[in-house]
């Protein structure tokens, strides 16, 4: 059984990822929970950042590639290159859309940021496990997931994430 942490760590090493020809330099953004009945998955948008050499001025580019990975099997069930999607036809994927670090995380050091991401992944596992069992997730876990997600999500990426998974964001984005 693969956890969200394991999937994020192992997906770039997988043959499927390598054969998808995602260029070097792309990294997973925040995971999106996907539930269909009692089947659960993580949608993983991949985007790139470009370091400028100035503090808090790393360029953020739009998500370009999407992997959907079934949980808990860890099997990739879908892959999309968004530049071929009609809904993203007007997006210039080679043009930055924002700057990292946004205000909500500006005071976090690298360790604190990493810890928040790991906490988010653990909460994602818990919420998806509840969905697989046909149970309602614990309100506290759901609220913590929502809170952390809203802190970590780059404001410049919000519009892209909303298009990728509108149902998820109606539930989890403030």
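The values are calculated or read from the model by the stated rules, or taken from the named source; none is laboratory data. Just so we're clear, the structure is a prediction, and the values are computed from it rather than from any experiment. For neighbour counting, all protein chains shown are included, and Cβ atoms are generated from backbone atoms with ideal geometry for every residue, glycine included.
The listed residues are 30, 44, and the only one of them that is at pLDDT 95 or above and in a loop (DSSP other than H, G, I, E, B) turns out to be 30. The criterion of being assigned to a strand (DSSP E or B) and surrounded by fewer than 16 Cβ atoms within 10 Å (Cβ to Cβ) holds for residue 77.
Restricted to region 139-174, and to residues that are part of a loop (DSSP other than H, G, I, E, B) and surrounded by 13 or more Cβ atoms within 10 Å (Cβ to Cβ), which residue is modelled with the lowest pLDDT?
Ranking the qualifying residues of region 139-174, first place goes to 173.
Just to verify a result, which residue in region 58-73, among those that are more than 21 Å from residue 120 (Cα to Cα) and over 17 Å from the mean Cα position of the chain (by Cα), is modelled with the highest pLDDT? Once the filter is applied, the top-ranked residue is 59. Hey, does region 118-132 have a residue that's closer than 27 Å to residue 144 by Cα, at pLDDT below 95, part of a loop (DSSP other than H, G, I, E, B) and touching a helix residue (DSSP H, G or I) at 6+ places or on another chain (Cβ under 7 Å)? No, region 118-132 has no match at all. With 22, 55, 91 as the choices, which residue is farther than 26 Å from residue 150 by Cβ, more than 12 Å from the chain's Cα centre (by Cα) and in a loop (DSSP other than H, G, I, E, B)? Sole residue among the options that is farther than 26 Å from residue 150 by Cβ, more than 12 Å from the chain's Cα centre (by Cα) and in a loop (DSSP other than H, G, I, E, B): 22. Does region 130-137 contain any residue that is surrounded by 14 or more Cβ atoms within 10 Å (Cβ to Cβ) and free of Cβ contacts under 8 Å to residues at least 40 places away in the same chain? Yes.
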